[in-house]
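Undergrad: Below you will find the structure I want to go over with you.
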Amino acid sequence: MPDLALNDLSLHYEVEGNGPPLVLLAGMLSDSAAWTPLVPLLRNSFTLIRPDNRSTGRTTPKDAPATMDLMVRDVIALMDHLGHARFHVAGHSMGGLMTLEIAGLFADRVASATVMASGRVRSPRTTAVFDALLAIRRMPMGEETWLRALYPWIFGPAFFTDPGNAEAALKAALAYPYAQSPDAMAHQIDAFKLFRPEASLSDITCPALILYAAQDILVPPALAKPGFDGIVKKTEFTVENAGHSIIWDAPGDVASRLLDFLSEHPIR
């Protein structure tokens with residue numbers, strides 16, 4: 001799929017499906033492929049636009065400046081390039097934080113905003129987890145070990161009932177040709193640590209769907225929920241059988257909630 005040449009990088013993105021534009025923004029340590037389970041469930045209803053955020057996937061160079069503000073403005077530049085004056089936007093984890101910034105700073109462009117397994121909270125534990133995973137990855141045999149250490153943080157309990165699930169996920173991750181390098185991972189972690197919201201939640205005037213994952217230990221719902229109190233037009237729902245990786249743990253539930261929500265808030 002195509003790349004968009006910007007001032008300091010080449011932004012890779014995927015486009016597929018038919019219907020109104022829906023931007024899907026990936027979270028930490030992942031790229032556009034993170035949305036794979038949802039694509040077949042959404043593409044008959046929406047044109048899905050999935051950029052690789054800075055330091056991830058096929059966006060290059062990996063050491064280009066990386067801040068959340070730049071990533072947000074990359075999305076707006078991409079939608080300008082594709083000719084979409086208004087669009088829906090949904091983000092997972094860090095992508096959820098980007099979604100809130102886009103909805104607040106570019107309110108006239110956003111028809112609806114969906115945030116999944118995310119929270120506008122500053123948790124030292126979260127950054128400690130990322131730092132520990134990076135340290136493990138830089139050790140001998142770290143490429144496999146860091147992934148094994150990651151999975152309990154992102155998947156719900158059901159994932160671990162079959163040991164084959166972890167082995168299959170590990171095999172796929174190690175074979176993925178566009179995996180984030182350790183240096184690019186460190187670059188993204190730094191961007192996450194430095195992020196301070198520019199948009200106020202009161203600036204978000206579009207309808208917003210907040211999806212919590214009941215088994216999320218990385219961003220627990222109880223910790224995340226107060227951070228959305230300033231959004232006026234919000235709908236909240238908790239997906240019961242899902243961990244932080246809500247897209248992979250419960251794609252059917254997520255797609256159903258998202259499709260219902262978007263059908264109630266068409267682009268006008």
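The values are calculated or read from the model by the stated rules, or taken from the named source; none is laboratory data. Computed from a prediction, not measured in an experiment: that's the story for all the values here. All Cβ positions, glycine included, derive from the backbone under ideal geometry; neighbour counts span all protein chains shown. Please note that ligands, DNA and RNA were not included when accessible areas were found on the heavy atoms of the full protein model with its side chains. Shrake-Rupley method; radii C 1.70, N 1.55, O 1.52, S 1.80 Å.
Undergrad: Send over the per residue convex hull volume for the stretch 90-146, Cα only, as a whole number of Å³.
TA: So the per-residue Cα hull volume is 96 Å³.
Undergrad: First select every other residue whose beta carbon is under 15 angstrom from the beta carbon of residue 202; then total the charges, Lys and Arg +1, Asp and Glu -1.
TA: -1
Undergrad: Pairwise over distinct Cα atoms, reciprocal of the mean inverse distance: report the Kirkwood radius of the chain in Å, one decimal place.
TA: 18.5 Å is the Kirkwood radius here.
Undergrad: Send over a whole-number figure in Å² for the accessible area per residue of the chain, probe 1.4 Å.
TA: Result: 42 Å² of accessible area for each residue.
Undergrad: Taking N as the number of residues in the stretch 90-187, what value does Rg over Cα atoms divided by 2.2 N^0.38 Å take?
TA: 1.29
Undergrad: Follow-up. As a test of reading the structure, rank 116, 139 by solvent-accessible area (1.4 Å probe, protein chains only), most first.
TA: 139, 116
Undergrad: Tell me the carbon and sulfur percent of the accessible area for the chain, rounded to whole percent, probe radius 1.4 Å.
TA: Summing carbon and sulfur atoms, their accessible area is 57 percent of the total for the chain.
Undergrad: At residue 81 and residue 267, where each label point lies 7 Å from the Cα along Cα→Cβ, what is the point-to-point distance in nanometres?
TA: Computed distance between label sites residue 81 and residue 267 equals 1.7 nm.
Undergrad: Follow-up. Evaluate the Debye formula for the stretch 165-219 with equal point scatterers sitting on the alpha carbons, no solvent, and hand back log10 of I(q)/I(0) at q = 0.20, 0.25 Å⁻¹, in q order, two decimals.
TA: These q points yield log10 I(q)/I(0) values of -1.06, -1.04.
Undergrad: On to the next question. Considering only C-alpha atoms, what is the centroid distance from the stretch 243-265 to the stretch 192-225, in Å?
TA: 16
Undergrad: Mean separation of Cα pairs under 8 Å and 6+ residues apart, divided by the residue count of the chain: what relative contact order is that in percent?
TA: With pairs under 8 Å counted, the relative contact order is 21 percent.
Undergrad: How long are the semi-axes of the equivalent ellipsoid of the stretch 1-95, defined as square roots of 5 times the Cα gyration tensor eigenvalues? Whole Å, largest first.
TA: 20, 15, 11
Undergrad: A further question follows. In the stretch 1-154, what % of DSSP beta bridges are antiparallel (nearest 5)?
TA: Given both bridge residues lie in the stretch 1-154, the antiparallel proportion sits at roughly 40 percent.
Undergrad: Further, regarding this structure: Restricting the count to DSSP beta bridges whose residues both fall in the chain, what percent are antiparallel, rounded to a multiple of 5?
TA: 30
Undergrad: In addition: How big is the stretch 135-187 along each principal axis, measuring the range of its Cα positions in Å and listing the largest first?
TA: Result for the stretch 135-187: principal-axis Cα extents of 33, 21, 20 Å.
Undergrad: Then there's this: Looking at the square roots a ≥ b ≥ c of the eigenvalues of the Cα gyration tensor of the stretch 166-260, which shape do they give, rounded for a/c under 1.5, prolate if a/b is larger than b/c, or oblate?
TA: Because a/c hits 1.5 or more and a/b fails to exceed b/c, the stretch 166-260 counts as oblate.
Undergrad: A further question on this structure: Taking 0.36 nm per residue of separation and subtracting the Cα-Cα distance, what length does fully extending residue 174 through residue 60 add?
TA: 39.0 nm
Undergrad: Okay, moving on. So for 181, 245, what's the accessible-area order with a 1.4 Å probe, most first?
TA: 181, 245
Undergrad: While we're here: Please sort 153-162, 167-176 by packing, taking for each peptide the average over its residues of neighbouring beta carbons within 10 angstrom, highest first.
TA: By packing density, highest mean first, the sequence is 153-162, 167-176.
Undergrad: Suppose every K and R has +1 on its Cβ and every D and E has -1 on its Cβ; what is the size of the dipole of the chain about the Cα centre, in Debye to the nearest 20?
TA: About 280 debye.
Undergrad: I need the P(r) histogram for the stretch 21-166: all alpha carbon pairs, bin width 10 Å from 0 out to the longest distance, whole percents.
TA: Using 10 Å bins, I get a P(r) of 10, 35, 36, 16, 3 for the stretch 21-166.
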